[in-house]
Amino acid sequence: MSLSIAASTQDLSPETVFSLLERVRSKRPRVHAITNTVAQGFTANVLLALGAVPSMTIAPEEVQSFAASADALLINLGTLDNSRRLTIPIAIDAAKEAGRPVAIDPVFADRSPQRCAYAKELLQTRPSLVRANETEMAALFDTRADVDALISEGTVFAVTGEEDQIEGRGDDYRLRNGHPLLARVTATGCAGGAVLAAFASVEPDTALAAASGLSVFNIAGEIAASRSGGPGSLVAELLDTLYSLTARDIESRLQMG
Amino acid sequence: MSLSIAASTQDLSPETVFSLLERVRSKRPRVHAITNTVAQGFTANVLLALGAVPSMTIAPEEVQSFAASADALLINLGTLDNSRRLTIPIAIDAAKEAGRPVAIDPVFADRSPQRCAYAKELLQTRPSLVRANETEMAALFDTRADVDALISEGTVFAVTGEEDQIEGRGDDYRLRNGHPLLARVTATGCAGGAVLAAFASVEPDTALAAASGLSVFNIAGEIAASRSGGPGSLVAELLDTLYSLTARDIESRLQMG
Amino acid sequence: MSLSIAASTQDLSPETVFSLLERVRSKRPRVHAITNTVAQGFTANVLLALGAVPSMTIAPEEVQSFAASADALLINLGTLDNSRRLTIPIAIDAAKEAGRPVAIDPVFADRSPQRCAYAKELLQTRPSLVRANETEMAALFDTRADVDALISEGTVFAVTGEEDQIEGRGDDYRLRNGHPLLARVTATGCAGGAVLAAFASVEPDTALAAASGLSVFNIAGEIAASRSGGPGSLVAELLDTLYSLTARDIESRLQMG
């Protein structure tokens with residue numbers, strides 16, 4: 001499902017993107033990520049390279065205190081086992097009660113009816129942010145009106161693809177950074193979702209936070225791909241680049257749709 | 001237990017190996033891998049570098065649809081927790097019903113009687129492929145006749161070691177590629193098993209698929225080791241090499257027993 | 001909580017540190033690590049690069065035979081789910097019965113009262129070694145007397161920070177190696193704990209083993225950081241350096257407090 005953003009979308013200034021990145025680097029927000037076991041290590045390293053502090057427990061007994069003391073919560077539905085099913089609602093409640101942003105990434109919702117149904121329930125909690133690709137969006141929503149209903153309640157959508165689209169109640173963004181080699185490394189999308197959560201914790205305008213976070217991650221990915229010999233070396237280059245990304249990097253590469 | 005392959009085994013042509021690799025790269029098969037938590041990230045990256053598309057959920061509720069919509073199934077018994085015990089038979093049934101190859105890797109069956117007993121049960125499902133080392137084979141089978149019984153029902157064995165032996169109802173292969181440094185990186189064997197599953201999804205002659213997949217992985221390992229400063233840099237080099245392995249690489253290095 | 005080590009602590013000779021490293025390399029001890037899902041892959045690779053042999057199952061059915069046949073046991077409390085809660089006491093009993101050292105790493109005990117309570121119970125089993133940072137120590141112990149009580153029963157504490165302090169019934173050590181970039185890679189502390197467990201398996205003086213293992217890991221980290229472009233390349237450099245660390249590396253860098 002296309003989000004069908006109108007032709008005129010908001011421009012994103014490189015200065016704003018960099019200032020939000022600097023805010024993450026100086027505030028060092030805690031991000032609690034309930035994410036799939038495949039993505040955990042890489043996601044933690046992406047958050048650390050960015051300047052954030054990850055925690056990742058999925059134990060129902062523990063998650064309340066972890067989520068309540070974090071600055072943002074990421075829910076990623078890859079490898080959705082029983083523990084995660086139990087734990088996710090507890091974590092969302094705790095984060096919402098503490099006034100923290102909640103980002104949901106319904107990975108592979110199109111590959112399992114059970115996962116899709118679970119994801120739809122989670123959407124009823126009015127998350128701050130949903131990150132999905134077009135296949136997942138099509139599995140989750142029958143009509144554009146269903147998406148609009150959530151947007152009107154305050155959820156921002158970041159729909160990734162060749163062109164990334166960010167849409168919320170306020171400004172919309174179309175973004176075009178990134179590199180095909182990123183798709184040859186597992187969990188780049190999942191780790192990207194964690195970056196959005198980190199940015200949402202330092203900027204109340206969630207669409208702006210999402211557009212900035214996505215741009216930072218994808219620009220770092222472009223630079224890393226240009227320095228890599230393949231998907232293996234890309235991993236290290238991506239983390240090194242995120243760690244040291246400069247205002248000039250963003251200025252020279254930021255690309256809108 | 002040695003598979004005691006007769007002296008005359010089938011030669012494997014580099015052209016065939018490369019053509020199967022190209023088939024994986026163009027078909028981009030989906031491989032559902034129920035593998036241990038230690039190996040998940042690396043296995044996913046190996047599959048992506050190869051050109052395949054991994055999925056890895058172990059949730060009993062979800063696995064039926066994931067396994068049924070995949071082109072091959074890998075079952076790896078490392079970190080065999082309760083969820084995995086419940087999920088594995090569901091996944092095998094779904095894959096078999098969909099006519100997909102099933103590869104089993106009974107990791108460390110020699111280290112736990114419970115795991116060994118579970119692995120023996122799985123062997124009764126007549127998997128397409130069993131990948132094991134000699135210690136695991138000795139734990140799983142009392143006599144050579146027990147191995148022969150499974151072979152006569154269509155299972156192919158890939159027994160890895162200094163010399164790798166592939167044996168099925170049809171042609172047998174002895175292979176000698178690989179590098180000792182691979183044993184200093186976790187999950188290289190596990191990820192190799194996933195490569196075999198990917199190859200088995202594009203080639204109905206499972207022994208040929210296994211011999212080709214193992215050769216591709218081990219040749220990539222050799223090249224990567226020659227470019228590495230140790231086991232850390234080997235990981236990135238291995239993925240980069242798999243991603244760009246050429247016909248010439250295979251031709252110049254393929255080595256039979 | 002500071003361990004308040006007296007000004008005069010034991011010197012550690014580079015020759016001793018290297019001889020213990022060589023002992024690990026030649027004995028290739030099996031280390032069973034019940035560690036968090038985020039840290040598993042990296043911890044396994046650190047152990048392999050060091051020369052040890054990792055296993056990591058958390059299944060209650062399997063862990064008895066794995067722990068009993070290992071040379072050391074590491075318990076790390078990150079991502080403390082139900083399986084791990086059930087499995088950890090079984091593993092500790094098996095390791096103690098087999099006379100193997102047990103190391104406990106109470107990760108993030110300060111972030112969850114439930115985890116803290118569980119960690120306190122584990123301390124009652126008189127582990128050989130506790131690795132913790134000062135925040136975790138403060139969450140676990142109300143008074144210095146509580147620490148002393150455990151020390152008098154034979155537990156050695158390795159409290160990491162800008163200066164690392166090792167304290168047991170015998171000699172104490174203050175160590176100053178390491179590099180800030182290590183904190184930007186996930187699970188470096190967790191993997192360091194596994195290194196201590198490996199060293200404790202080859203040297204009965206646990207404080208000496210801990211001081212040597214920590215020095216090896218932190219010196220490798222320093223060298224790796226000096227060769228890295230950021231936290232991504234640090235991972236590969238750290239493993240490569242551990243794999244090939246020399247007596248001269250230790251001699252030229254070992255630094256006491």
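The values are calculated or read from the model by the stated rules, or taken from the named source; none is laboratory data. Because the structure is predicted, anything quoted here is derived from the model rather than measured. Cβ atoms come from the backbone with ideal geometry, glycine included; neighbour counts cover every protein chain shown. Accessible surface areas use protein heavy atoms only, side chains included; no ligands, DNA or RNA. Shrake-Rupley method; radii C 1.70, N 1.55, O 1.52, S 1.80 Å.
B:G161 fails exactly one of the following numbered conditions: (1) small (G, A, S); (2) in contact (Cβ under 8 Å) with a residue 40 or more places away in the chain; (3) open to solvent by 30 Å² or more (accessible area, probe 1.4 Å); (4) touching a helix residue (DSSP H, G or I) at 6+ places or on another chain (Cβ under 8 Å). What is the number of that condition? That leaves (2) as the condition not met.
Taking every residue in the stretch C:43-66 that is closer than 26 Å to C:R23 by Cβ and pairing it with any residue that is in a strand (DSSP E or B) and open to solvent by 10 Å² or more (accessible area, probe 1.4 Å), at least 6 positions away or on another chain, the pairs with Cβ-Cβ distances below 6 Å are C:A44/C:P54; C:L47/C:P54; C:V53/C:R30.
Table: residues versus (1) closer than 27 Å to B:M256 by Cα; (2) in contact with a helix residue (DSSP H, G or I) (Cβ under 7 Å, 6 or more places away or on another chain).
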{"residue": "B:P89", "(1), (2)": "no, no"}
{"residue": "B:G99", "(1), (2)": "no, no"}
{"residue": "B:I104", "(1), (2)": "yes, yes"}
{"residue": "B:R111", "(1), (2)": "no, yes"}
{"residue": "B:T125", "(1), (2)": "no, yes"}
{"residue": "B:L150", "(1), (2)": "yes, yes"}
{"residue": "B:E153", "(1), (2)": "yes, no"}
{"residue": "B:E167", "(1), (2)": "yes, yes"}
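Residues in the stretch C:225-250 that are open to solvent by 30 Å² or more (accessible area, probe 1.4 Å) and farther than 17 Å from C:P180 by Cα: C:Y243, C:S244, C:T246, C:A247, C:R248, C:D249. Only one entry in A:R176, A:R253 is more than 14 Å from chain B (Cβ to nearest Cβ), open to solvent by 20 Å² or more (accessible area, probe 1.4 Å) and touching a strand residue (DSSP E or B) at 6+ places or on another chain (Cβ under 8 Å), namely A:R176. Residue count for the stretch A:33-65 under the criterion of being part of a strand (DSSP E or B) and either closer than 25 Å to B:P54 by Cα or within 8 Å of chain C (Cβ to nearest Cβ) (or both): the result is 4. Among the residues of the stretch A:10-30, not a single one is open to solvent by less than 10 Å² (accessible area, probe 1.4 Å), within 13 Å of another protein chain (Cβ to nearest Cβ) and touching a residue at least 12 places away in the same chain (Cβ under 8 Å).
When restricted to residues that are part of a helix (DSSP H, G or I) and more than 12 Å from every other protein chain (Cβ to nearest Cβ), the stretch B:71-91 contains 4.
When C:E203, C:E222 are screened for being assigned to a loop (DSSP other than H, G, I, E, B) and open to solvent by 10 Å² or more (accessible area, probe 1.4 Å), only C:E203 passes. For the stretch A:92-100, the criterion of being more than 14 Å from every other protein chain (Cβ to nearest Cβ) and open to solvent by less than 10 Å² (accessible area, probe 1.4 Å) is satisfied by at least one residue. Of the residues C:V195, C:V185, the single one that is within 14 Å of chain A (Cβ to nearest Cβ), buried (at least 24 other Cβ atoms within 10 Å of the Cβ) and in contact (Cβ under 8 Å) with a residue 12 or more places away in the chain is C:V185.
What about B:A68, is it more than 14 Å from chain C (Cβ to nearest Cβ) and touching a helix residue (DSSP H, G or I) at 6+ places or on another chain (Cβ under 8 Å)? When the stated conditions are applied, B:A68 passes them.
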